[in-house]
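Bear in mind that the values in this text are calculations on the coordinates, not laboratory data. Computed from a prediction, not measured in an experiment: that's the story for all the values here. As a convention, Cβ positions derive from the backbone with ideal geometry for all residues, glycine included, and neighbour counts pool all protein chains shown.
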Amino acid sequence: MRIDSIFLQRLLRYLLLGFFFFLLASFFQVRNSYGQDAAISDFTVSNSEDNLLLYLAVSNWFTEDMEAAIHNGIPITFAFSINLSVKRPKWPDKKISEHEFNHVMEYDSLKKQYRIHRNEKGDSKVTASLEEAKKLMSEINGFKVLRLDELDPRTSYTLRAKAMLARKTMPLYFHYLIPFSSPWDFETKWHKLTLRLAL
């Protein structure tokens, strides 16, 4: 009896240890497959008659896990941060404009449609195409950063932007099941551009 008990304890210990290493290996495999490759791309500025306009896209962000999650009713939320600073020689840059807004993707399984809410435009777009939904989710087109009459043509400015997958996207239990450094938890590096108005 005692021998059987010791044997079962050891067997259970080995099984738990094996399961732990399996999870660890799976985690690193996921990290190698997806990694933290999401980045800001196509980062450009233009202007209308009155405003400085920003254009950008987030690339390499969508994973198979996210596709499975969205199709199972879990919305995906992107949080964008944008700021404009005055460059000052021998002094830290002075921030003069700061914006934060979200893009949210939801899936209607009955209609088989994706709905994307874009806070900065105050609109919602509906599409049956996943590719179109991903494009709407990850692009910013013509965002009004600041009025031109608030900019000094003699001054240089730094425009910075980054995007992150908002952690509130996931249900509470996901925070315990999915590691903090998972493909569900990414934040791009700050992407910046130095600009100066033409005289």
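Annotation for residue 141 and residue 119: the two label points, set 7 Å from Cα along the Cα-Cβ direction, are 2.2 nm apart. Expressed as a whole number of Å, what is the distance separating the alpha-carbon centroids of region 49-92 and region 135-162? Between the Cα centres of region 135-162 and region 49-92 lies a distance of 13 Å. With Cβ to Cβ distances under 13 Å as the rule, what net charge do the other residues near residue 42 carry (K, R +1; D, E -1)? Surrounding charge for residue 42 is 0. Gain on full extension, evaluated as 0.36 nm per residue between residue 131 and residue 100 minus their Cα-Cα distance, stands at 8.7 nm.
By the count of other C-beta atoms within 10 Å, a proxy for reagent exposure, 61, 190, 91 are ordered fewest to most as 91, 190, 61.
Please give the residues of region 56-93, grouped as numeric ranges, whose backbone N is less than 15 Å from a label point set 7 Å along the Cα-to-Cβ vector of residue 187. Answer for this model: 78-83. Put in line by how crowded their Cβ is, counting other Cβ atoms within 10 Å and starting with the fewest, 107, 157 read 107, 157.
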